[in-house]
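Worksheet: one structure, shown below.
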Amino acid sequence: MLKGRYTALRAIEKEDLSDLLAWRNEPKLRRYFREYRELNFEQQMHWFEHIVNNDISTRMFAIVDSQKELLGAAGLCYIDWINRTADFSIYIGKDGLYIDELLAPDAAKVMIEYAFEELGLNRLWSEIYSFDQAKVKFFNALGFQLDGTHRQTHWAEKKWHDSFFFSLLATDIQP
């Protein structure tokens, strides 16, 4: 278990899947995810079995509080072990928080430390849709830099939205 001040990251367990699926399918949250469709439990189980048994390019964690209650998920996806990069994702599903000012930053700092110090990655990146101002603000506060914009990449709410690409380098972190 990776511990922060208010949260911890632990392996995702089968018992977590129902809550993660419910949060993942919540329309208010789903609009921010790349996978736009509603998923069923069989698809969620397939995803879980894939990341547990086969996928060396993904490290997913459950975010829990001090009482070990499930709060959300964080992960490193599309890990490129040659170029030492990964896509960083995070959300707090509990109580529909998504990105808050206490739990998400704490869990993110734990994940960033894990990525750079334990896995030896050099660069974390994230794609954030232009209407997701909570995450834009969040990633800026974490020290991520805007690398660029891909225009009209995401269809949501009956219109096209841009994708912002943010990154954080291991050298950006102060010792």
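Less than 12 Å Cβ to Cβ from Asp162, Lys/Arg counted +1 and Asp/Glu -1: what total charge do the surrounding residues give?
Values: positive: Arg151, Lys159; negative: Glu127, Asp132.
Overall, the nearby charge balance is 0.
Which lysines, if any, have their Cα less than 21 Å from the Cα of Lys159, not counting same-chain residues under 8 positions apart?
Straight-line reach from Lys159, under 21 Å: Lys28, Lys135.
Taking Cα centroids, how far is region 45-75 from region 141-165 in Å?
Between the Cα centres of region 45-75 and region 141-165 lies a distance of 25 Å.
Take the alpha carbon gyration tensor of region 55-156, find the square roots of its eigenvalues, order them as a ≥ b ≥ c, and report rounded if a/c is under 1.5; if not, report prolate when a/b exceeds b/c, else oblate. Before the final figure, lay out the partial values.
Working: a/c = 1.66, a/b = 1.06, b/c = 1.57.
In terms of gyration-tensor shape, oblate.
Where does the chain land at 222 nm, in deg cm²/dmol rounded to the nearest 500, when only DSSP H runs of n ≥ 4 count, each adding -39500 (n - 2.57), divided by all residues?
-7500 deg cm²/dmol
Using Cα pairs under 8 angstrom and six or more residues apart, how large is the relative contact order of the chain, in percent?
Details: 292 pairs, mean separation 32.5, N = 175.
Relative contact order comes out at 19 percent.
Could you give the length gained by full extension between Arg151 and His46, i.e. 0.36 nm per residue of separation minus their alpha carbon distance, to one decimal place? Let's see the in-between values first.
Details: separation 105, 0.36 × 105 = 37.80 nm, distance 3.22 nm.
Gain in length upon complete extension: 34.6 nm.
What does the C-alpha gyration tensor say about the overall shape of the chain? Classify as rounded when a/c is under 1.5, otherwise prolate if a/b is larger than b/c, or oblate. Mind showing how you got there, number by number?
Numbers: a/c = 1.31, a/b = 1.02, b/c = 1.29.
Note, shape of the chain comes out rounded.
Phe131 versus Lys68, label points 7 Å from Cα toward the beta carbon: distance in nm?
Result: 4.0 nm between the two label points.
Once the principal axes of the Cα atoms of region 33-111 are found, what is the range along each, listed largest first in whole angstroms?
33, 32, 25
Does region 102-141 classify as rounded, prolate or oblate by the C-alpha gyration tensor (a ≥ b ≥ c root eigenvalues; a/c under 1.5 gives rounded; else a/b over b/c gives prolate, otherwise oblate)? Walk me through the numbers before you get to the answer.
On the way: a/c = 3.57, a/b = 1.62, b/c = 2.21.
Verdict is oblate for region 102-141.
Sequence neighbours fewer than 8 away in the same chain don't count; with that in mind, list the aspartates and glutamates whose C-alpha is under 14 Å from Lys94.
Qualifying aspartates and glutamates at Cα under 14 Å: Asp16, Asp19, Glu26, Asp65, Glu69.
Read-outs: derived from the displayed coordinates by stated rules, not from any lab. Predicted, not measured: the structure shown is a model, and the values here were computed from it. Cβ sites come from the backbone with ideal geometry, for glycine too, and all protein chains shown count toward neighbours.
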